[in-house]
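Input: a single structure, listed below in structure tokens.
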Amino acid sequence: MILPDLVNKVSQHMDRVTITVNGQPKATLVSAEELESLEETAEIFAIPGAKKSISEGMKQAKKGQGIRLSDLK
């Protein structure tokens with residue numbers, strides 16, 4: 001498979017292609033959209049307390065606790 005085919009594969013199907021040297025992974029090709037998403041996620045988790053806050057929110061949601069969208073209007 002040539003590079004343009006790999007680029008089309010990752011951009012159309014949100015696949016990842018790992019590039020190896022001597023059988024060892026050295027780089028990964030991802031779509032620009034996926035890279036942007038990964039960077040945004042890293043930015044969010046870099047905020048002090050964000051991971052804990054998100055985790056607590058998910059626990060509350062699983063318990064049915066929280067605010068209904070209709071109550072916010």
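Using Cα-Cα distances under 8 Å and only pairs 6 or more residues apart, what relative contact order does the chain have, in percent?
17 percent.
Would you please give the FRET efficiency between Thr18 and Glu39, computed as 1/(1 + (r/R0)^6) with r the Cβ-Cβ distance and R0 = 22 Å, to the nearest 0.05?
After rounding to 0.05, the efficiency reads 0.70.
Please turn the phi angles of the stretch 50-67 into ³J(HN,Hα) values with the Karplus equation 6.51 cos²θ - 1.76 cosθ + 1.60 (θ = phi - 60°), one per residue in order, whole Hz, x for glycine and proline.
Once rounded to whole Hz, the list reads 5, 4, 5, 5, 5, 4, 5, x, 5, 4, 5, 5, 5, 7, x, 8, x, 10.
Quick one: angle between helix 32-45 and the longest Cα principal axis of the chain, in degrees between 0 and 90, rounded to 10, please.
40 degrees
Kindly provide the pair-distance distribution of the chain built from C-alpha pairs, with 10 Å bins from 0 and whole-percent values in order of increasing distance.
With a bin width of 10 Å, the distribution comes to 16, 26, 26, 21, 10, 2.
Here, each number is a calculation from the coordinates, and none is a lab measurement. This one's a predicted model, so the numbers in the text were calculated from it and none came from an experiment. Positions of Cβ are backbone-derived with ideal geometry, glycine not excepted, and every protein chain shown enters the neighbour counts.
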